[in-house]
Amino acid sequence: MGAISLVAVTTGVQVGANAKGNSFNSGGTFPTTTGTPTTTPTKSPTTSPTVKPTKTPTTKPTKTPTPTPTTPSGTISHTSSPVNYRFGTVQLTVTKQGSKITNIVMNQAGASGGRAAAFPYLIQLAESAQSASFDTSMMGGATYSTNAFVQALGDALSQF
């Protein structure tokens, strides 16, 4: 026996160009695979953890001051709903500073037959009384206009 056969006897594998299957295999030949070759799953490349940038401290935004009204401090105005009555429409705006009525302006002073002449007098009486309750007994011939004025004044004052 030569050297090659000694290797075959010792390891059970033949080496060289004339090598035949190993004697441990039942058919005496090398196993073969048929069909589609299988692939070994590969791991996707791992990425290193993302480094988050350090946050820069920010200052809180300052509040922008609200614009101040052009009226004096504490002055508030409210407008009544229009009051329709037999001779026209009455609507007014009442201005107060604190709890004091400082001004009454007629937005609508509709009155036919000269009845509108009562409104300046009614404004004076309301400003003097500081309410919608004042004595109108000395007025004559303007009952409907007076009632419409008092109703509009009460509506405007109720909004304060």
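Throughout, read-outs are computed from the coordinates displayed, never taken from laboratory work. Source: prediction; values computed, not measured. FYI the Cβ positions are ideal-geometry reconstructions off the backbone, even for glycines, and counts take in every protein chain you see.
From the set of residues in the range 69-103 that are in a loop (DSSP other than H, G, I, E, B) and not polar (S, T, N, Q), which is nearest to S131 (Cα to Cα)?
So the residue we want is G98.
Output the residues belonging to the range 124-138 that are out of contact with any Leu (no Cβ under 8 Å at 6 or more places or on another chain) and among the hydrophobic types (A, V, I, L, M, F, W, C). Talk me through it step by step, then tell me what you get.
Step one: filter the range 124-138 for residues out of contact with any Leu (no Cβ under 8 Å at 6 or more places or on another chain), giving 124-125, 127-130, 133, 137-138.
L125, A129, M138 - these are the residues of the range 124-138 that are out of contact with any Leu (no Cβ under 8 Å at 6 or more places or on another chain) and among the hydrophobic types (A, V, I, L, M, F, W, C).
Considering each residue of the range 104-160, count those that are in contact with a helix residue (DSSP H, G or I) (Cβ under 8 Å, 6 or more places away or on another chain), without any contact (Cβ under 8 Å) to a residue 40 or more places away in the chain and part of a strand (DSSP E or B), and give that number.
Going through the range 104-160 one residue at a time, the tally reaches 2.
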